[in-house]
Amino acid sequence: MLYTILHRGNTVWHDPKMSRSPSHQSWHPASWQGRVAGQQPTYPDPAAFDRTLASLGRLPPLVTSWEVERLKGMVAAAQRGEAFVLQGGDCAESFDECSSENVVQKLKILLQMSVVLLYGMKKPIVRVGRMAGQYAKPRSADTETREGQTLPSYRGDLVNRSAFSTGDRVPDPELMLRGYERAALTLNFVRALVDGGFADLHHPENWNLDWVQHSPLAREYQEVTRSITNALEFMETVSGRPLHHSRRVDFYCSHEGLHLPYEQAQTRFLEHRQRWYNLSTHWPWIGMRTAELDGAHVEFFRGISNPVSVKVGTGMSDEWLQELVQVLNPQNEPGRLSLITRFGAGNIEEHLPRVIRAVRAVGANVLWVCDPMHGNTETTAEGMKTRRFDNIIAELEAAFRVHQEQGSYLGGVHLELTGDDVTECTGGARGLTDGDLARAYKTQVDPRLNYEQAMEIAMRIAGRRPPSAPPLA
Ligand code: PEP
Ligand code: CO
């Protein structure tokens, strides 16, 4: 395939004969093409594919290096125990759901959760959406068979369409442009809301979701927001001026950097920094299925200057992890590398102490984040994919406790959630059962926490008040 298009300044050139390069060799945005790239679609028309990537490479970036570097500084603060990261959103965004209402709902729930966390943890909360680009998904199989017909698997709206027909499932390069545009529309709206007063801490009532009034958690939430606005008013009266940063918040976006040609096309060399940045998002992560040391994703990620994360599951050995942290952050730069553990409630006790010790042994500075979703997925008797709230809480509680026992610091959570009243995960304040799932099961991929379940998680974390112990290295 010919998608070797490099972008350095305004120069574009092709380099189709990339050799296999070990990680100490020179990096450029296409060097990943010399490695095995897992989870990539096969496009039937390579010329159309190359044309689309060339267009994508000419379009302006979605984020700026100033934003990316500011986020890196916040991640570094979280590593030191001085901030906490709240990262959340859909498992996969869909193009159809790029609407005013959906963006607002998601922003509302993340802002509400962050206020509860701010109140409980008494430290800055770094708000990060799985948003504005979370359009590509890893799949367990390349194809799907239904009633004797075999078609390519649905890999997210960036690649193909979910309906089960040949026309829908064939990877379509135009969808990369549609994805880029929707990411831009989403970011534009989020920025306008955040800058225009929507995120003003003096007016948390802006974020109330309609049915919050009927929620068993409403009273507690309202008490938190009342305390915060009272405290703000008190401080501003005493100091005689508005508090810095209380009228707007920083909000960052993130997605799995899975579709490497798409990510490469938005990767730019910035003369003023003399570094490469992936400007399709602030904070990309490497998924669990594509974290091989000699794989294409690790090769691509090692050369971009963004903060980056890697998902860590039970299958990752100590040696693998130790090499990964060295390849991805050879200078041990603060804020550069986060590890998102996703072991499952039944496995965390066995694996988390091990990986904390492995990272400590090489003296690496990382931010530890807990994803209590992806290790706790199960299928009901009716064949529906779900997650039980109790398992999610159990993994989260264990993560806080194990980090504390190991003298480490859990600096963030990574959640799949929505601001809507869906029924995809069971349990929580309303005790949803398997039988309730069919009522509002909307996800195309993984089951998400609904509004109320997400708030409950924030309240549980806030109630824990984890210690502000400094991190290890
Ligand atoms: C995800 O975050 O949606 C995902 C696929 O996670 P993981 O790579 O941890 O399985
Ligand atoms: Co998911």
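The values are calculated or read from the model by the stated rules, or taken from the named source; none is laboratory data. From a predicted model like this one, the values you see are computed outputs, not experimental measurements. Every residue, glycine as well, gets a Cβ built from its backbone with ideal geometry; the counts of neighbours run over all protein chains shown. Just the protein is used for accessible areas: all its heavy atoms, side chains included, with ligands, DNA and RNA removed. Shrake-Rupley method; radii C 1.70, N 1.55, O 1.52, S 1.80 Å.
Taking the Cα centre of segment 346-461 as reference, the dipole from Cβ charges on Lys and Arg (+1) and Asp and Glu (-1) amounts to some 380 debye.
For the chain, with only Lys/Arg (+1) and Asp/Glu (-1) charged at the beta-carbon, what is the dipole magnitude about the Cα centre, in debye rounded to 20? Before the final figure, lay out each step's value.
Values: 51 positive and 56 negative charges, 246 e Å.
The dipole of the chain has a size of about 1180 debye.
Report note on the peptides 45-58, 355-368, 136-149: ranked by the mean count of other C-beta atoms within 10 Å, highest first, their order is 355-368, 45-58, 136-149.
The H on the amide N of residue 386, modeled in the peptide plane, is under 5 Å from the matching H of 378, 379, 380, each at least 5 residues off or on a different chain.
Working note: Karplus 6.51/-1.76/1.60 with θ = phi - 60° gives segment 291-306 the couplings 9, 4, 4, 9, x, 5, 5, 5, 4, 4, 5, 5, x, 8, 9, 4 Hz, where Gly and Pro are set to x. Contact order, relative form, for segment 148-263: 22 percent (alpha carbon pairs under 8 Å, 6 or more residues apart, mean separation divided by residue count).
In this structure the chain gives 40 Å² per residue of accessible area when probed at 1.4 Å with all protein chains present.
Below 8 Å, C-alpha to C-alpha, sequence gap of six or more: please give me the relative contact order for segment 3-462 in percent. Before the final figure, lay out the partial values.
Working: 863 pairs, mean separation 92.5, N = 460.
Once divided by the residue count of segment 3-462, the mean separation gives 20 percent.
For each pair in 137/442; 72/137; 72/123; 106/385, compute the distance between the two Cα atoms and list the pairs where it is over 20 Å.
On the way: 137/442 17 Å; 72/137 25 Å; 72/123 17 Å; 106/385 22 Å.
Check vs 20 Å cut-off fails for 72/137; 106/385.
Please report the base-10 log of the normalised intensity I(q)/I(0) for segment 3-462, using a Debye sum with one equal scatterer per alpha carbon and no solvent, at each q in 0.08, 0.10, 0.11, 0.14 (1/Å). The Debye formula, applied to the Cα set alone, gives -0.45, -0.72, -0.88, -1.47.
The dipole here belongs to segment 156-197: it is taken about the Cα centre, uses +1 on the Cβ of Lys and Arg and -1 on the Cβ of Asp and Glu, and is about 60 debye. Using the average count of surrounding beta-carbon atoms within 10 Å as a protection proxy, the listed peptides 157-165, 299-307, 224-232 rank, highest first, as 299-307, 157-165, 224-232. To put it simply, the accessible area of segment 3-462 at a 1.4 Å probe is 50 percent carbon and sulfur. Hey, with R₀ at 22 Å, roughly what FRET efficiency would residue 95 and residue 59 work out to, going by the Cβ-Cβ distance, to 0.05? The value I calculate is 0.80. For the pair segment 375-402 and segment 286-321, the centres of their Cα atoms are 24 angstrom apart. Applied to segment 70-75, the Karplus parametrisation 6.51 cos²θ - 1.76 cosθ + 1.60 on θ = phi - 60° returns per-residue 3J(HN,Hα) values of 5, 4, 4, x, 6, 5 Hz, with x for Gly and Pro.
Between the Cα long axis of helix 100-121 and the first principal axis of the chain there is an angle of about 60°, rounded to the nearest 10. Taking 0.890 mPa s as the viscosity and 25 °C as the temperature, the Stokes-Einstein diffusion coefficient of segment 248-406 based on its alpha-carbon Kirkwood radius rounds to 146 µm²/s. Here the label points at residue 442 and residue 226, each 7 Å from Cα along the C-beta direction, are separated by 3.1 nm in the simple model. The C-alpha atoms of the chain define a longest principal axis, and helix 218-239 lies at about 80 degrees to it. Report the one residue of 445, 140, 352 whose Cα lies farthest in the direction of the positive end of the charge dipole of the chain (charges on C-beta: Lys and Arg +1, Asp and Glu -1; origin at the Cα centre). Farthest towards the positive pole: 352.
Counting alpha carbon pairs within less than 8 Å and at least 6 residues apart, what relative contact order, in whole percent, applies to segment 202-344?
Numbers: 151 pairs, mean separation 23.3, N = 143.
So the answer I get is 16 percent.
So if each residue of separation counts as 0.36 nm, and I subtract the Cα-Cα distance between residue 331 and residue 378, what length gain in nm does that give?
Values: separation 47, 0.36 × 47 = 16.92 nm, distance 3.95 nm.
Full extension of this stretch gives 13.0 nm more.
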